[in-house]
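To start, the structure under review is shown below, and the notes come after it.
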Amino acid sequence: MQKIILISKITCPECGFEKQESMPIDACLYYYQCTSCHSLIKPLAGDCCVFCSFGTLKCPPQQAGDCCL
């Protein structure tokens with residue numbers, strides 16, 4: 001069984017600010033507000049969450065192969 005990693009560095013597509021964040025273990029995070037420019041970020045088309053689009057790691061449900069997509 002693959003170890004699920006819960007920390008990802010997310011990069012704001014608007015301003016480029018990077019922040020290390022904890023990801024929810026059992027859900028996809030559809031919205032994220034940048035702490036630098038305050039933009040509300042949504043995933044790119046075809047991705048289930050902001051971590052899959054803008055993070056260094058996919059969300060835990062994707063890592064586990066148990067995602068809604």
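Worth pointing out:
- Taking the three principal axes of the alpha carbon atoms in the chain, the coordinate ranges are 38, 22, 15 Å, sorted in descending order.
- Mean separation of Cα contacts under 8 Å, 6 or more apart, over the residue count of the chain: relative contact order %: 33
- Between amide H atoms placed 1.01 Å from N, distances below 5 Å from Tyr32 occur with Ile41, all of them 5 or more places distant or on a separate chain.
- Placing dummy labels 7 Å off each Cα toward the beta-carbon, the span from Ser22 to Lys9 is 2.0 nm.
The numbers here are math on the coordinates, done by the rules we state, and not lab data. In this text the structure is predicted, and so the values were computed from the model without any measurement. Glycine also receives a Cβ, built like all others from the backbone with ideal geometry; neighbour counts cover every protein chain displayed.
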